[in-house]
Amino acid sequence: MIAAVAAMLVSCNGGGGRPNFGDNEYPVVEVGTQSTTMQTTYPATIKGVQDVEIRPKATGFLTQINVKEGQAVSAGQLLFVIDNETAQASVRQAQAAVNTAQSQVNTAQLTYENSKQLHANKVIGDYELQTAQNTFESAKAQLAQAQAALASAREALSFCYVKSPASGVVGTLPYKKGALVSASNALTTVSNISSMEVYFSMTERDVLAMQRSGEGLNALPSVKLQLSDGSLYAHEGKVTKMSGVIDAATGTAQIIAVFPNPEKLLKSGGSGNIVIPQDNSAAIIIPQNCVSEVQNKKFVYVVDKSNKVHYTEIKVDPQNDGNNYIVTDGLKVGDKYVTNGVTKLTDGMEIVPITPARYQEKINEQAKEMTAGDIVNAMKK
């Protein structure tokens, strides 16, 4: 019963007010340092290491869709087929032109070989020999031209067979069989999700601090990824890239961390938070319940050598665990501050410092002396 009442006194009075000791005693502790690990979080966007938008080079109607959404595909795998009757006809026509040109080359070559023999026997003159040679060379040029046209026709036909340029996972399929498509239409996206790039931004201040450490990206430890449902991703990532410019609108630089994705849990286009642990071997940590906040500024009561308290502004790390603050400015090792009952203090007030342990003892003593009516009144406060 006494322990419950003492706990009630602490919860009702310990952070803001204080038990009515009547002797102006307040718990005071001296500032020290300790090792701690804090976590800084940054909003992040998840993308595949390679997100390839698939667009056809040919214009026509979709005749085949050979994949499904979410299907894993390999590089070179056939994804779509576009109506290619016209392209096939062009190939056949170009092939016929090549055959014709080849026949003409063969005939011109025979004529030229025969002319060389006749010229050697002085049956024909130089003019006739040169004419036969020119005809042969012209036939070969026409053959080369026909072969180029055939290659172009075959390439145009190949455009009707849309293949995956990379291994990955197929995204959405916005077009159905029979739809008219062209180069302006994205048929799908193939994402390589064997590993994922997670994009986040760091403030210019954080980037400068990292660069001044002389280690750059190497100064960053392995990072964690908090998924959109609040859970932590099972694998850690490594920061690999940083933008070379600061975004003038946001004052941040873009950072990229790479995470393995063996279970294919991460999807391109997803979101989450990057979590970066920060080790501090000499951190000044104080409880949040001894801190007053006024207009987004934080204050504590510092005790001087005359046992007078001074309302002192402090700065804290924006990241905290909900119970304590890491003080970055305003307190130094050796300072003393009041831990409980701060709402009843005023600047310049003289107090009687006691230890937190003695403070707790006095709470227990007061709890023993309380009547039932006192308990009821305390609970109403």
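The values are calculated or read from the model by the stated rules, or taken from the named source; none is laboratory data. Treat the numbers as computed from the prediction; the structure is a model and nothing was measured. Methodologically, a virtual Cβ is constructed for each residue, glycine included, from the backbone with ideal geometry; neighbour enumeration extends over all protein chains shown. For accessibility, only protein heavy atoms count, side chains too; no ligands or nucleic acids. Shrake-Rupley method; radii C 1.70, N 1.55, O 1.52, S 1.80 Å.
Side notes on the structure shown:
- When segment 224-275 is limited to residues that are among the hydroxyl-bearing types (S, T, Y) and under 20 Å from T203 (Cβ atoms), the one that is surrounded by the most Cβ atoms within 10 Å (Cβ to Cβ) turns out to be T252.
- Residue in segment 193-207 that is in a strand (DSSP E or B) and free of Cβ contacts under 8 Å to residues at least 60 places away in the same chain present: yes
- Taking the criterion of being at pLDDT 75 or above and not in a strand (DSSP E or B), the residues of segment 12-44 that qualify are N24, V31, G32, T33.
- Unmet requirement for H119, which otherwise passes all of (1) in contact (Cβ under 8 Å) with a residue 12 or more places away in the chain; (2) surrounded by 15 or more Cβ atoms within 10 Å (Cβ to Cβ): (1)
- Residue check, Y301 at pLDDT 90 or above and in contact with a Leu (Cβ under 6 Å, 6 or more places away or on another chain): yes
- In segment 147-169, residue nearest to A87 (Cα to Cα) [restricted to those that are open to solvent by 40 Å² or more (accessible area, probe 1.4 Å) and either in contact with a His (Cβ under 7 Å, 6 or more places away or on another chain) or small (G, A, S) (or both)]: A156
- Count of segment 76-112 residues which are open to solvent by less than 80 Å² (accessible area, probe 1.4 Å) and in a helix (DSSP H, G or I): 20
- Within segment 238-259, residues that are under 18 Å from S194 (Cβ atoms) reach partners that are basic (K, R) with beta carbons closer than 7 Å, at six or more positions or on different chains, in the pairs I256/K241; A257/K238; V258/K238.
- Within the span defined as segment 322-332, one or more residues are assigned to a loop (DSSP other than H, G, I, E, B), open to solvent by less than 70 Å² (accessible area, probe 1.4 Å) and hydrophobic (A, V, I, L, M, F, W, C).
- Members of segment 251-303 that are in contact with a Lys or Arg (Cβ under 6 Å, 6 or more places away or on another chain) and not hydrophobic (A, V, I, L, M, F, W, C): S268
- Annotation note: of K298, K238, the sole residue that is in a strand (DSSP E or B), within 14 Å of the chain's Cα centre (by Cα) and within 23 Å of Q39 (Cα to Cα) is K238.
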